[in-house]
Amino acid sequence: MDWLRFKEKIYTTQDLQEMLRDLGIKEGDTLLVHTEFFRFGIPLLPREAFNQAICQAFIESCGKSGNIIIPSFTYSFCQNEPFDIVHSKSKVGNLGNSLLQLGGKRTSCPIFSCVIIGDLSEEMHDCKEVLGKNSIFDRLLAHKGKILTFGNKYVGYTFIHYLESLANVPYRFDKTFSGILIDEKGKITHKSVIYKVRHLDSKSELNYKKVAHFFLDLGILRVLKFGGGEIGIMESQKVAKAILEVFAKDYEYFLA
């Protein structure tokens, strides 16, 4: 199926699946996908069909035994808003909604919710620390998952904030956020979560380009050109090992 045009070249959904295979994505993989796919080119399908073609390519690449995770972050409790699992809109694109249409389930995290298709969705119970134990990032690491930067190699490093939490870096601190959570059945509950936030009055923001080139230099991040964008892949366990080793020596190394 013709899917995308960049300059004079037409890319099909088969081209996309072949690129994913070239990156080493295979049956049984757990894949966290961060997207900025407007960089690839001009869609040749209506928006929802275009998005579902992307999701379907991920699903077919990882197979029935795999897991696809797409962020649908809302930051709801940080903004004093209720989090409605069904109706709260993602602030990081609408690809997660397309995965929902294909049978995915949305997690109940009121800050970093994700849509998951695969057995991992059954493990995502009540999460009290959005960057800690039982968070989506914690489960990604436990499943030896991979991180896909889909469009831009400099976008897609929320997992590093989980590692900052593991390392207990001093430029972040625990803060409790509370609010109203509305579940899939419309049931309303009051919920509190702990989010290790940045000290805004001191140096605390990551330089994502430095992070990306650190991974490229180590061979942890592999990037291939696709249309006008790039697709990159990293193994979460290799990412965690490398980052935690750096934090142990110099926790400010990646700060902007």
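Legend: distances between Cα atoms for 153/196; 105/241; 175/225; 91/175; 91/209; 153/185; pairs beyond 32 Å are 175/225; 153/185. Taking GluC sites (Glu not before Pro) across the stretch 106-195, the ones in a DSSP loop with at most 12 further Cβ atoms lying within 10 angstrom of their Cβ are 184.
Ligands, DNA and RNA left out, the accessible area of the stretch 128-256 computed with a 1.4 Å probe is 50% carbon and sulfur. In loop segments of the stretch 199-256 as defined by DSSP, the trypsin sites (Lys or Arg not before Pro) with at most 15 further C-beta atoms inside 10 Å of their C-beta are 203. Remark: the stretch 110-256 is approximated by an ellipsoid whose semi-axes, taken from the C-alpha gyration tensor as √(5λ), come to 27, 21, 14 Å, largest first. Tell me whether the stretch 6-146 comes out rounded, prolate or oblate; compute the Cα gyration tensor, take square roots of the eigenvalues as a ≥ b ≥ c, and use a/c under 1.5 as the rounded threshold. Oblate. The candidates 198, 172, arranged from most to least accessible area with a 1.4 Å probe in the full protein assembly, appear as 198, 172.
DSSP bridge analysis restricted to the chain gives an antiparallel fraction near 75%, rounded to the nearest 5.
So what are the stretch 1-76's ellipsoid semi-axes, whole angstrom, largest first, if each one is the square root of 5 times an eigenvalue of the alpha-carbon gyration tensor? Result for the stretch 1-76: semi-axes of 21, 17, 11 Å. With a simple spin-label model that places each label point 7 Å from the Cα along the Cα-to-Cβ direction, the separation between residue 249 and residue 184 comes to 4.6 nm. Apply the a/c threshold of 1.5 to the C-alpha gyration tensor of the chain and tell me whether it is rounded, prolate or oblate. Since a/c reaches 1.5 but b/c is at least a/b, the shape of the chain is classed as oblate. Using a probe radius of 1.4 angstrom, the carbon and sulfur fraction of the accessible surface of the stretch 41-112 is 54%. For the residues 231, 147, 188, a GNM of the chain with alpha-carbon springs under 10 Å puts the largest fluctuation on 188. Extents of the stretch 174-256, taken as max minus min of Cα coordinates on every principal axis and listed largest first, are 47, 36, 24 Å. Taking a temperature of 20 °C and a viscosity of 1.002 mPa s, what whole-number D in µm²/s does Stokes-Einstein yield for the stretch 66-187 with Rh from Kirkwood over alpha carbon pairs? Using the Kirkwood radius from Cα pairs, D works out to 143 µm²/s.
In this structure the chain gives 48 Å² per residue of accessible area when probed at 1.4 Å with all protein chains present. Using R0 = 51 Å, the C-beta based FRET efficiency linking residue 217 and residue 128 works out to 0.90.
Measuring with a 1.4 angstrom probe and ignoring ligands and nucleic acids, residue 199 comes out at about 60 Å² accessible. DSSP beta bridges fully contained in the stretch 1-79 are about 65 percent antiparallel.
The values are calculated or read from the model by the stated rules, or taken from the named source; none is laboratory data. Everything numeric here is computed off the predicted structure, so don't read it as measured data. As a convention, Cβ positions derive from the backbone with ideal geometry for all residues, glycine included, and neighbour counts pool all protein chains shown. What goes into the accessible areas is simple: the full protein's heavy atoms, side chains included, and nothing from ligands, DNA or RNA. Shrake-Rupley method; radii C 1.70, N 1.55, O 1.52, S 1.80 Å.
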